[in-house]
1. Can you say whether residue 194 is closer than 19 Å to residue 170 by Cα, touching an Asp or Glu at 6+ places or on another chain (Cβ under 8 Å) and either modelled with pLDDT under 95 or among the hydroxyl-bearing types (Ser, Thr, Tyr) (or both), as far as the supplied structure shows?
2. Quick check on the stretch 176-189: of everything there that is of a type outside the set (S, T, N, Q) and touching a residue at least 24 places away in the same chain (Cβ under 8 Å), which residue is surrounded by the most Cβ atoms within 10 Å (Cβ to Cβ)?
3. Here's a check for you: in the stretch 124-173, which residue that is within 19 Å of residue 76 (Cα to Cα) and of a type in the set (S, T, N, Q) is surrounded by the most Cβ atoms within 10 Å (Cβ to Cβ)?
4. Working only within the stretch 29-50, note down all residues that are farther than 19 Å from residue 64 by Cα and in contact with a strand residue (DSSP E or B) (Cβ under 9 Å, 6 or more places away or on another chain).
5. Restricting to the stretch 57-77, count the residues that are free of Cβ contacts under 8 Å to residues at least 40 places away in the same chain and out of contact with any Leu (no Cβ under 7 Å at 6 or more places or on another chain).
6. Can you find a residue that is in contact with a His (Cβ under 7 Å, 6 or more places away or on another chain) and within 20 Å of residue 109 (Cβ to Cβ) anywhere in the stretch 13-20?
7. Can you tell me which residues in the stretch 23-42 are in contact (Cβ under 8 Å) with a residue 12 or more places away in the chain, polar (S, T, N, Q) and more than 12 Å from residue 5 (Cβ to Cβ)?
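The values are calculated or read from the model by the stated rules, or taken from the named source; none is laboratory data. Treat the numbers as computed from the prediction; the structure is a model and nothing was measured. Note that we place each Cβ from the backbone using ideal geometry, even for glycine, and neighbour counts take in every protein chain shown.
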Amino acid sequence: MFYFETINNKKILKSDLLTKAQHLFTTRESVVTPKDIDSLKTLCKINTEEICKYLKVSKENIISPVQTHSSNIKIAKKGQTYPDTDALIVEDKDIAVLLNFADCTPVILYDEKNNTGAVVHAGWRGTASSIAAKTIQYMQKIYSTEPQNVTALIGPAISGINYQVDKDVFEQIEKTLKKNYGDYYSYDEKSNKYNLDLKTVNYHQLEELGVLRIDKCNYCTYDSVDVFFSYRREHGNTARHSAILKLN
């Protein structure tokens, strides 16, 4: 179950399903990524310092890639940069990985047996390539990760009620699932579009891979714009909330 905690009276979101590694989702109060909004830069600097202290990690050791809605997966290393990357695996206890979101689906993965994990950015393109499931498969090759040992947290993202896609996008998503689930979409005859719930799609992709422990957040970023950021609700003029993972 997801719940709010605070860092210096600023909300962060966590899940009680993951207790063996440090993780959090930032909010509007604890934002660390202002994008191009100058008025937030001072707050983001302060919040970054506070989160670093909370996680016991230096600012230089929080690794964040340049996200491009790709299906590229990399292993985070100190001092390295990651262009064109939408999933970062962490294996070093001295670093944390951070990815940014404002409607797309954040997924935190943790393999307790091998003490490794990842943060994944799953927009519709990433979801259409099953990026969260593929990250676990990547971890299988490197660490012999078994899906049944993985805990998955699917964080705040836009809900199906507020997210419509054309038929071609829906069909790309539909092909990623083995079963014909009816709980992640609905067809809107008036607009000739599909309402699509990417959180639920990612849930089924992970479930079909064999992941047993999945916590799916109920918060919709579009409806909860007072707590999180929404690219669509705010017409692109918005900052980003972040998903962060650090190993113990």
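1. Against the criterion (closer than 19 Å to residue 170 by Cα, touching an Asp or Glu at 6+ places or on another chain (Cβ under 8 Å) and either modelled with pLDDT under 95 or among the hydroxyl-bearing types (Ser, Thr, Tyr) (or both)), residue 194 qualifies.
2. Initial filter on the stretch 176-189 (of a type outside the set (S, T, N, Q)): 177-179, 181-185, 187-189.
This time we only want the ones that are touching a residue at least 24 places away in the same chain (Cβ under 8 Å), so: 177-179, 184-185, 188.
Numbers: 177: 15, 178: 8, 179: 8, 184: 21, 185: 18, 188: 10.
This residue is 184.
3. Checked the stretch 124-173; the qualifying residue surrounded by the most Cβ atoms within 10 Å (Cβ to Cβ) is 135.
4. Within the stretch 29-50, just 29 meets the criteria.
5. 8
6. yes
7. 33
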